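A short write-up of the structure that comes next.
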Amino acid sequence: MNKTKVDDLALWGGVSAFEEALHIGRPNIGDRSRLLERFNDMLDRRWLSNNGPFVKELEQKLAAFLGVKHCIAMCNATIALEIAARALGLQGEVIIPSFTFVASAHALQWQEITPVFCDINPLTHNIDPTKIENLITPRTTGILGVHVWGRACDIEVLSTIADKHNLKLMFDAAHAFACTYQGQMIGGFGDAEVFSFHATKFFNSFEGGAVTTNNDELATRLRGMRNFGFAGIDTVLDIGTNGKMSEVSAAMGLTSLESLDKFIQINYENYLAYCIGLEGIPGVQMIKYTEKEKNNYQYVVLEIDEAVTQLSRDLLVKILQAENILARRYFYPGCHQMEPYRSYFPNAGLLLPETEKLTRKVVQLPTGTAIGKEETDQICRLIRFVFANGAEIRERAEKK
């Protein structure tokens, strides 16, 4: 439904643009018949967990796809981060960006490792390597980079810093499955990389994650730690937990893998439609992906410059959500503003000016197989209408 006047907006009683809500990260479903076939195989075998054949097959296929020696499937990416940190011997302090999902920080703090928040490069939204060395102390044992929006960190520079200071280097690659850095699939960089296969990711296994590495010894430790530290039936060699992926999740992962190209193509088409539909709006900048690298295009992200648009990011989100477009702020308000870090480091924001700015500007729009050109075009028309009437909308919102 096109809006022709401000009163048409659902925020003020108009009819919503969409009857059914358009979600961020609505799960992609591959070939349902193939998935159910795998479920039946699993039930016939009665092998539901404990490193079953589907898990092994998924690990082998993912390792081959990513070009790494080892892929260790886990029940989710948060547990995968925790196990990887423990297997790498991280302790004391680890430098990470605040502009990330809070699980990146929690996975460290849960093990009494202090996350030291580093500012980001405003052009890439990734950790700024030029700010890292000033944060290194005698207690620092590692760096955790995050490939935000699937755009790789400056891996080469981070590796140089880690080598220089004898630090471990790990990457949170939750956004970056099927993405490349300098033509090489993300997954084999640093000491280890961690992927998320949560239901909201374009490639999902219902719930799940994985750690990838080219280090044989580390892979052995990871496999043991995800299974209570067992090495054999009744021999425990190390501390461990239950991080195993179930067979049902692996079955979904294998099915999703078979539709991977289709999922990426749909994301790419939606991304291009948004690029065209939102081009030229003053104060609205869309995050772009270079054609020189592969990307999964699962994140359609805008930066809103309120000084130009006369409309805040937060008001835009309220308007869109009222229209059943469930846009979201990312990663608002930054890990350093969440508990317990807000209490532990009350002045952290003074060292994170770019992070603070970005968390007030970023909005993510729906994409994925649940929407297509009709929906993206309508969303773009609505956003154009909103910003074309920004001053009037802002004035009306301030009166309420």
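Around the amide H of residue 328, modelled in the peptide plane, lie the amide H atoms of 364, all under 5 Å away and 5 or more residues distant in sequence or on another chain.
As a calculated quantity, the FRET efficiency between residue 199 and residue 290 at R0 = 25 Å, using C-beta atoms, amounts to about 0.30. Straight-line cross-link reach from residue 5 at under 20 Å between alpha-carbon atoms covers these lysines, not counting any fewer than eight positions away in the same chain: 318, 399, 400. Per residue, the solvent-accessible area of the chain (1.4 Å probe, heavy atoms of protein chains only, all protein chains present) comes to 45 Å². Considering only 49, 108, 94, the residue lying farthest towards the positive end of the dipole of the stretch 1-128 is 49, judged by Cα position with unit charges set on Cβ. Rounded to the nearest 20 debye, the dipole magnitude of the stretch 14-75 is 300 debye, with +1 charges on Lys and Arg beta carbons, -1 on Asp and Glu beta carbons, and the Cα centre as origin.
Over the chain, what is the relative contact order in whole percent, taking alpha-carbon pairs under 8 Å and six or more residues apart? Value for the chain: 23 percent. When the square roots of the Cα gyration tensor eigenvalues are ordered a ≥ b ≥ c, the ratio a/c for the chain is 1.5 or more and a/b does not exceed b/c, which makes its shape oblate. For the chain, the Cβ-based charge dipole about the Cα centre amounts to some 340 debye (Lys, Arg positive; Asp, Glu negative; other atoms uncharged). How far is helix 247-258 tilted, in degrees, relative to the longest principal axis of the Cα atoms in the chain, given as a value from 0 to 90 rounded to the nearest 10? Taking Cα atoms only, the helix is inclined about 60 degrees. Over all projection directions, the Cα-based convex hull of the stretch 1-108 averages an area of 12.9 nm². When shorter helices are ignored and each DSSP H run of at least 4 residues is given -39500 (n - 2.57), the per-residue value for the chain at 222 nm works out to -11000 deg cm²/dmol. Taking a ≥ b ≥ c as the square roots of the Cα gyration tensor eigenvalues, the stretch 260-400 comes out oblate, since a/c reaches at least 1.5 and a/b does not exceed b/c.
Could you tally the net charge around residue 4, taking each other residue with its Cβ under 15 Å from the Cβ of residue 4, Lys/Arg +1 and Asp/Glu -1? Here the count lands on 0. The alpha carbon gyration tensor of the stretch 172-299 gives principal lengths a ≥ b ≥ c with a/c of 1.5 or higher and a/b greater than b/c, which makes the shape prolate. Dipole of the chain computed with +1 at Lys/Arg Cβ and -1 at Asp/Glu Cβ about the Cα centre; of 388, 124, 160, farthest Cα towards the positive end is 388.
The values are calculated or read from the model by the stated rules, or taken from the named source; none is laboratory data. Every value quoted in this text rests on a predicted model; they were computed, and no experiment measured them. Don't worry about glycine lacking a Cβ; one is built from the backbone with ideal geometry, like all the others, and counts go over all protein chains shown. Surface accessibility is based on the protein's heavy atoms, side chains included, excluding ligands, DNA and RNA. Shrake-Rupley method; radii C 1.70, N 1.55, O 1.52, S 1.80 Å.
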